[in-house]
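S.K.: Please find one structure pasted underneath; my questions will follow.
The values are calculated or read from the model by the stated rules, or taken from the named source; none is laboratory data. The shown structure was predicted, so the numbers you read here are calculated from the model rather than taken from an experiment. Ideal geometry is used to build each Cβ from the backbone, glycine not excepted, and the neighbour counts take in all protein chains shown.
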Amino acid sequence: MKGNRFMITDHLHVAMIMAGGSGDRFWPLSRKDKPKQLLPLGKEGKSRLQEVVEHAAALVGMENTYIVTGKHLEGPIRNAHLPMKNENILIEPCKRNTAGAIAYMAAHLMARHSGVSIDRISMVVLTVDYRVGDYDGFIRSARVAMDTADSNNALVTYGVAPTYPATGLGYIEVILDSRQDKEAPVYKVATFHEKPDAQQARQYIDAGCYYWNTGVFFWRLSTLLSEFSALCPQVSAIIHQLCAAIRCGGNGEEFQKIFSKLDDISIDYLLLEKSKNVMFVEAALDSPDVGTWSALRHLSATDESGNYCEGNPVVLDCRDSIILNDAGEEKIAVAALGLENITVVVAEDAVLVMDSNREQEVRRIVEELKKRNAKQV
């Protein structure tokens with residue numbers, strides 16, 4: 001461990017990538033066995049997961065990069081030819097949201113690095129949802145966040161200045177007069193805000209002290225465990241139980257029994273919104289969430305009427321719409337006439353047509369298809 005170039009004065013930095021999501025909002029392209037993180041949505045045809053693994057490796061080294069995912073994605077992710085050790089792909093015993101994934105990672109770090117003080121282990125928590133435009137800027141701002149977490153013993157959030165009134169994202173309110181000017185601005189966090197309506201989102205942009213919440217975090221392991229102990233003691237106890245089971249070589253049934261005691265809740269709700277020890281670093285990202293159709297339109301080139309078109313559809317007299325033919329024009333011709341703010345996505349075996357304002361409800365469609373035992377999920 002002493003020879004690890006990502007351990008400075010015996011301080012170990014590790015990255016975990018939360019990759020267990022089903023990607024329902026990106027249906028019909030995202031499916032249970034191939035969700036959005038495995039689709040070739042990145043540069044040069046890479047998957048989002050491939051890109052984020054590269055980001056993590058640049059920050060902490062490939063040997064210190066971990067993926068935490070669910071049982072349903074174990075096969076697809078292990079077969080994705082990622083340049084990392086098989087044992088660094090951790091499979092959660094059951095689905096318990098981002099708080100569960102982070103707790104599971106914390107337990108594994110304590111078990112695997114029992115000879116290292118938890119005060120000398122720091123975590124970078126990444127998602128597969130964000131998109132990087134300026135790679136060098138991203139690395140610089142992420143390193144500012146890592147340093148802020150290490151030097152302040154704080155939970156550090158990472159947010160993006162909003163460029164449009166997004167209603168599908170949470171917002172972080174910062175204290176403007178707490179600003180520290182480093183290679184990326186650093187603030188104290190005032191509070192977190194849930195997904196707003198369109199009017200409230202516009203007010204957030206006008207106020208100038210609100211940022212999109214990326215779901216990317218940085219902290220010392222000791223800080224995380226201390227906050228859990230103070231604010232969520234039952235979670236702290238479960239982490240230590242998991243750690244003991246891992247050290248003893250426990251089986252899947254034992255892990256399941258312990259892990260299932262956790263609530264299915266996000267780390268934001270469980271911990272960050274309660275903590276008074278949260279700081280913020282402005283992220284150099286294009287978007288915190290490329291997992292929705294509207295995000296794809298806002299991040300992509302559109303025609304003069306604001307339409308995002310892919311797959312060579314025929315589009316006449318349409319405005320602010322998405323018309324995407326993933327099946328290929330040789331298989332099916334897609335045409336749209338007179339649409340406004342409508343999303344049309346054509347896959348080989350499914351078609352989505354919706355009011356773009358209701359994209360957060362795509363999960364309802366997926367749930368209904370599951371009830372019908374449809375194979376297209």
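S.K.: Which of the residues that make up segment 309-329 are outside any loop (DSSP other than H, G, I, E, B) and either surrounded by fewer than 21 Cβ atoms within 10 Å (Cβ to Cβ) or assigned by TED's automatic domain parsing to the domain that holds residue 38 (or both)?
M.R.: Once the filter is applied, which keeps residues that are outside any loop (DSSP other than H, G, I, E, B) and either surrounded by fewer than 21 Cβ atoms within 10 Å (Cβ to Cβ) or assigned by TED's automatic domain parsing to the domain that holds residue 38 (or both), segment 309-329 yields 310, 314, 315, 316, 319.
S.K.: Could I ask something else about it? Quick one: which of 29, 59 is out of contact with any Cys (no Cβ under 9 Å at 6 or more places or on another chain), of a type in the set (A, V, I, L, M) and closer than 30 Å to residue 374 by Cα?
M.R.: 29
S.K.: With in contact (Cβ under 8 Å) with a residue 12 or more places away in the chain and out of contact with any helix residue (DSSP H, G or I) (no Cβ under 7 Å at 6 or more places or on another chain) as the only criterion, which of 125, 160 stands out? If you could, list the steps in order and put the result at the bottom.
M.R.: Details: 125 fails: out of contact with any helix residue (DSSP H, G or I) (no Cβ under 7 Å at 6 or more places or on another chain).
On inspection, the qualifying residue turns out to be 160.
S.K.: Residues that are farther than 21 Å from residue 33 by Cα and of a type outside the set (Val, Ile, Thr): which helices (runs of 4 or more DSSP H) entirely in segment 43-119 hold 2 or more of them?
M.R.: Fully inside segment 43-119 and qualifying: 48-60, 97-112.
S.K.: Considering only residues that are within 21 Å of residue 31 (Cβ to Cβ) and hydroxyl-bearing (Ser, Thr, Tyr), look in segment 44-93 and name the one that is surrounded by the fewest Cβ atoms within 10 Å (Cβ to Cβ).
M.R.: Among those residues, the one meeting the criterion is 47.
S.K.: Could I ask something else about it? Which of (1) surrounded by 17 or more Cβ atoms within 10 Å (Cβ to Cβ); (2) over 27 Å from residue 253 (Cα atoms); (3) of a type in the set (Val, Ile, Thr) is the odd one out, the single condition residue 139 does not satisfy?
M.R.: Condition not satisfied by residue 139: (1).
S.K.: Let me ask something else. When the residues of segment 273-308 are filtered to those that are in a loop (DSSP other than H, G, I, E, B) and of a type in the set (Gly, Ala, Ser), which remaining residue is surrounded by the fewest Cβ atoms within 10 Å (Cβ to Cβ)?
M.R.: Here the residue is 301.
S.K.: Inside segment 134-191, can you point out the residues that are in contact with an Asp or Glu (Cβ under 9 Å, 6 or more places away or on another chain) and of a type in the set (Phe, Trp, Tyr)?
M.R.: Listed by number, the residues that qualify are 158, 171, 187.
S.K.: Do you know which of the residues in segment 303-347 that are within 22 Å of residue 290 (Cβ to Cβ) and of a type in the set (Asp, Glu) is farthest from the chain's Cα centre (by Cα)?
M.R.: Among them, the one singled out is 303.
S.K.: Sort out which residues of segment 79-111 are basic (Lys, Arg) and modelled with pLDDT under 95, and write them in order of number.
M.R.: Within segment 79-111, 85, 95 qualify.
S.K.: Kindly evaluate residue 264 against the criterion of being part of a helix (DSSP H, G or I), under 22 Å from residue 22 (Cβ atoms), charged (D, E, K, R) and in the same structural domain as residue 167 (by TED's automatic domain parsing).
M.R.: no
S.K.: Out of all the residues in segment 330-339, is one or more out of contact with any Cys (no Cβ under 8 Å at 6 or more places or on another chain) and among the small types (Gly, Ala, Ser)?
M.R.: Yes, segment 330-339 contains at least one residue that is out of contact with any Cys (no Cβ under 8 Å at 6 or more places or on another chain) and among the small types (Gly, Ala, Ser).
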